[in-house]
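Okay, structure first, notes after.
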Amino acid sequence: MVDSSMVLWGQTIIYTVYVLAIMALMAWFAFRVTREAPKAPGEGGENRGVKPALFYSFVGLLIVIGISLHIVTYETIPWAAMDFKRASIAPDKTFDIHVAGHRFQLPDEKLRIRCGEKVLFNVTSGDLTYGFGLFRPDHSLVFQMQVLPGHRNDILWRFDKPGLYSIRSTEYSGPVGALMIVPDAVEVTCSEAEEK
């Protein structure tokens, strides 16, 4: 599975370039339509307006590029393939986690996972809407989901990198929700062969 931090960097670069192209189109259009009106024919003036064919060709090109970016980057999203085949995937481990009173109740003090295992995090809420996010030691997000009371809230994930991960609430549930952090709650271990 591709690491989500790598996906984020790649998509940031690609979409930044795309947005800059759109902004350039808007600036060019605004510049051209706000210029002084051309002189009447025969007075030596040239038409400074934007030709509709050129404008719509450029807009059409941006639309094609935008759709293509979504199709291409879909393949890099690490969880997409597992989500589409989810009904046929049996998790290697399932962790049932309950959240209530602004506290995560984990099945064990530390959730231990081996590299390559597919893990189902089944999270229930007893009172409020919470978030369930897994974070790397550098505080970057691995994944997150919203946890609604009275609904099924689960996420299937495959871990490929060793490390300690923290669980945090990623949804506003009042001021106390900012303190909903379980440091080093998930430990992923790999053998040397699994890391390669």
task: Return a yes/no flag: does region 100-114 have any residue that is crowded, with 17+ Cβ neighbours inside 10 Å, of a type in the set (A, V, I, L, M), assigned to a strand (DSSP E or B) and out of contact with any Gly (no Cβ under 9 Å at 6 or more places or on another chain).
output: yes
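Listed here are the residues, each with its yes/no results for (1) part of a helix (DSSP H, G or I); (2) among the aliphatic types (A, V, I, L, M); (3) in contact with a helix residue (DSSP H, G or I) (Cβ under 6 Å, 6 or more places away or on another chain); (4) at pLDDT 75 or above.
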site	(1), (2), (3), (4)
Glu43	no, no, no, no
Glu46	no, no, no, no
Gly49	no, no, no, no
Gly60	yes, no, no, yes
Gly66	yes, no, no, yes
Ile71	yes, yes, no, yes
Thr76	no, no, yes, no
Met82	yes, yes, no, yes
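Evaluate region 129-143: report whether one residue or more is assigned to a loop (DSSP other than H, G, I, E, B), surrounded by fewer than 15 Cβ atoms within 10 Å (Cβ to Cβ) and more than 23 Å from the chain's Cα centre (by Cα).
The first filter runs over region 129-143 and keeps only residues assigned to a loop (DSSP other than H, G, I, E, B), leaving 129, 136-140.
Applying the additional criterion that residues be surrounded by fewer than 15 Cβ atoms within 10 Å (Cβ to Cβ) yields 137-140.
Subsequent filtering for residues that are more than 23 Å from the chain's Cα centre (by Cα) retains none.
Looking for residues that are assigned to a loop (DSSP other than H, G, I, E, B), surrounded by fewer than 15 Cβ atoms within 10 Å (Cβ to Cβ) and more than 23 Å from the chain's Cα centre (by Cα), one finds none in region 129-143, hence no.
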How many residues of region 87-99 are among the hydroxyl-bearing types (Ser, Thr, Tyr) and either part of a loop (DSSP other than H, G, I, E, B) or modelled with pLDDT of 95 or more (or both)? The answer is 1
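The values are calculated or read from the model by the stated rules, or taken from the named source; none is laboratory data. All of these numbers come straight from a predicted model, not from anything done at the bench. Backbone-built Cβ (ideal geometry, glycine too); neighbour counts: all protein chains shown.
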